[in-house]
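K.L.:
Submitted below is the structure of interest, expressed as structure tokens.
The values are calculated or read from the model by the stated rules, or taken from the named source; none is laboratory data. All figures in this text were calculated on a predicted structure; none of them were measured in a lab. Counting neighbours? That spans all protein chains shown, and the Cβs are built from the backbone with ideal geometry, glycine included. SASA here: full protein model, heavy atoms, side chains in, ligands and nucleic acids out. Shrake-Rupley method; radii C 1.70, N 1.55, O 1.52, S 1.80 Å.
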Amino acid sequence: MVATIAWVILFCLLLAVGWIMTLLALPGNWLLVAAAAGYAWLVSDDSRLGLGWPTVTALAVLAVVGELLELVAASRGVRQAGGSRWSALLALLGSVAGGFVGMFAGLPIPIVGPLIAAILFAGVGAALGAVAGESLGGRSLAESHPVGLAAFRGRLLGTVAKMIVGSVMVAVSLCALVVR
């Protein structure tokens, strides 16, 4: 039983890390799936704190839904504004870089400041990446600006959607542990 409690604690820590990783445009929801799969493999489903494979499957489906929502929101914004594939790619790379900068630069608000900054900086990174992509494609800054704004909005919307899915994944995981 002591070993099971240790696995539960590790699993809960991985759930928190995965949820925060999603803010940084990293595959946090997939860490949630991997953590659940590892937990289901290590702790018997017969255990009071076991986690079954149907739960792991449900989490994998939710992770796919989260990825699709994020991809559609981010790319739709850039494409609707007339952006190129190159600017969409640079928007994605810019959002990852911006998320990292925001997480470490943070806002002077305890605990939530770095998380809020990560979301905002990811949006700014997406905007800058989209503008750079359009500029490299020969568009003027004035023509690139609307694409950058669309990338910013799409990135924020995609992150919010993916975070909601990640929150549902964490809730499903925790409920599966305690409800028997």
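K.L.:
Just the Cα atoms of the stretch 80-153, one point each, no solvent: what log10 I(q)/I(0) does Debye give at q = 0.13 Å⁻¹?
P.N.:
-0.36
K.L.:
Could you tell me the distance between the Cα centroids of the stretch 9-50 and the stretch 109-155, to the nearest Å?
P.N.:
31
K.L.:
What residues qualify as long-range amide H neighbours of LEU26, i.e. H under 5 Å apart, gap of 5 or more or another chain, H built at 1.01 Å from N?
P.N.:
none
K.L.:
Okay, next question. What whole-number value in Å² describes the accessible area per residue of the chain for a 1.4 Å probe?
P.N.:
Heavy-atom SASA per residue in the chain reads 51 Å².
K.L.:
What is the magnitude of the charge dipole of the stretch 1-103 about its Cα centre, with +1 placed on the Cβ of each Lys and Arg, -1 on the Cβ of each Asp and Glu, and no other charges, expressed in debye to the nearest 20?
P.N.:
Value, rounded to 20: 340 debye.
K.L.:
Give, rounded to the nearest 20 debye, the magnitude of the charge dipole that the chain has about its Cα centre when Lys and Arg contribute +1 at Cβ and Asp and Glu contribute -1 at Cβ.
P.N.:
240
K.L.:
What would the Debye formula give as log10 I(q)/I(0) at q = 0.19, 0.21, 0.27 Å⁻¹ for the alpha-carbon point model of the stretch 11-50, no solvent?
P.N.:
Summing over Cα pairs of the stretch 11-50 leads to -0.52, -0.60, -0.80.
K.L.:
Could you tell me which helices of the chain pass both thresholds, a Cα extent of 30 Å or more along their own axis and a mean Kyte-Doolittle hydropathy of at least 0.5, with helices taken as whole DSSP H runs?
P.N.:
Those that pass (Cα extent of 30 Å or more, hydropathy at least 0.5) are 2-23, 53-80, 113-136, 141-178.
K.L.:
Where does the charge balance sit around SER75 when Lys and Arg score +1, Asp and Glu -1, over other residues with C-beta under 11 Å from its C-beta?
P.N.:
Numbers: positive: ARG76, ARG79, ARG85, ARG155; negative: GLU70.
Cβ neighbours under 11 Å give a net charge of +3.
K.L.:
If you rank LEU51, LEU136 by how much accessible surface each has, with a 1.4 Å probe, what is the order from largest down?
P.N.:
LEU136, LEU51
K.L.:
In addition: Express the carbon and sulfur contribution to the solvent-accessible surface of the chain as a percent, rounded to the nearest whole number, probe 1.4 angstrom.
P.N.:
78
K.L.:
Now for a separate question. Which trypsin sites (Lys or Arg not before Pro) from the stretch 1-110 combine a DSSP loop assignment with at most 15 other Cβ atoms within 10 Å? Could you put the intermediate results ahead of the total?
P.N.:
Values: sites: ARG48, ARG76, ARG79, ARG85; in loops: ARG48.
Loop-located and lightly packed - ARG48.
K.L.:
Skipping prolines and chain starts, which residues have an amide H placed within reach, meaning under 5 Å, of the one on GLY82, given they are 5 or more residues away or on another chain?
P.N.:
Excluding prolines and chain starts, which carry no amide H, there are no hits.
K.L.:
Work through the residues other than LYS162 whose Cβ is under 12 Å from its Cβ and net out their charges, Lys, Arg +1 and Asp, Glu -1.
P.N.:
For residues surrounding LYS162, the net value is -1.
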